[in-house]
1. Restricting attention to region 40-60, report how many residues are within 16 Å of the chain's Cα centre (by Cα) and basic (Lys, Arg).
2. Report yes if ARG110 is at pLDDT 95 or above, of a type outside the set (Ser, Thr, Tyr) and either in contact with a strand residue (DSSP E or B) (Cβ under 6 Å, 6 or more places away or on another chain) or surrounded by 13 or more Cβ atoms within 10 Å (Cβ to Cβ) (or both), otherwise no.
3. Looking at ARG21, ARG32, ARG83, which one is over 19 Å from LEU136 (Cα atoms) and out of contact with any Gly (no Cβ under 8 Å at 6 or more places or on another chain)?
4. Within region 22-43, identify whether any single residue is within 26 Å of SER128 (Cα to Cα), modelled with pLDDT under 95 and among the basic types (Lys, Arg), and answer yes or no.
5. For the structure I just gave you, tell me whether VAL26 is β-branched (Val, Ile, Thr) and within 16 Å of ARG110 (Cα to Cα).
6. Is it the case that some residue within region 33-43 is of a type in the set (Ser, Thr, Tyr) and buried (at least 19 other Cβ atoms within 10 Å of the Cβ)?
7. Can you list the strands (runs of 3 or more DSSP E) lying wholly within region 1-118 that have 1 or more residues being at positive phi and of a type outside the set (Ser, Thr, Tyr)?
Amino acid sequence: MADPGGRFDPLGMLAALDRHRVGYIVIGGFARVIQGAEETTRGVDIVPSTRPENLRRLSLALDELEAEPVDGSDRVPSEPGERPTVVRTGHGELKIVTAPAGTGGYDDLRRAASREPLGRGVRPAVASTGDLARMLAAHEGASPVLAQLRRLAELERRRGIDR
């Protein structure tokens, strides 16, 4: 059962998605932390592939996580949009966004995403720093985190890491 004030276990949440072979890209605050931004977060945001079979697998993973919608909506988005579907799980909050601001969705983000080893065998696809900056700029405009992401992207370019 979901624990609204409880613990945050992103690895447990992502492991459940992986067990069900859900195709997704990690975005948002958790992705920015993985990529090196200095911020904190208490949830995970993902962009799933919207192919019907993938959404079916996502639904099975949400069953395993005992996910409960925060606003009474459907747990799995029925159509693409920027507005996230938010669910609570025993591992923390999960936001499912099919078309994040400033992107073309899963297929657009997948081209530059990288698999990042987080521990316990969990290696999710994580949006690139450039794509994270693009989403943040489209959603919030200028911010200190956006400036950090742009610096990180520039450092990656200088080191020859083209993501």
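1. Count: 1.
2. Taking the combined requirement at face value, the residue satisfies it.
3. ARG21 is the lone residue from the list that is over 19 Å from LEU136 (Cα atoms) and out of contact with any Gly (no Cβ under 8 Å at 6 or more places or on another chain).
4. Within region 22-43, one or more residues are within 26 Å of SER128 (Cα to Cα), modelled with pLDDT under 95 and among the basic types (Lys, Arg).
5. Details: β-branched (Val, Ile, Thr): yes; within 16 Å of ARG110 (Cα to Cα): yes.
Criteria met by VAL26.
6. no
7. On the way: elements: 24-27, 43-48, 85-89, 92-96.
Result: 92-96.
The values are calculated or read from the model by the stated rules, or taken from the named source; none is laboratory data. Computed from a predicted structure; not experimentally measured. Neighbour counts are summed over all protein chains in view; Cβ atoms, including those assigned to glycine, are modelled from backbone coordinates with ideal geometry.
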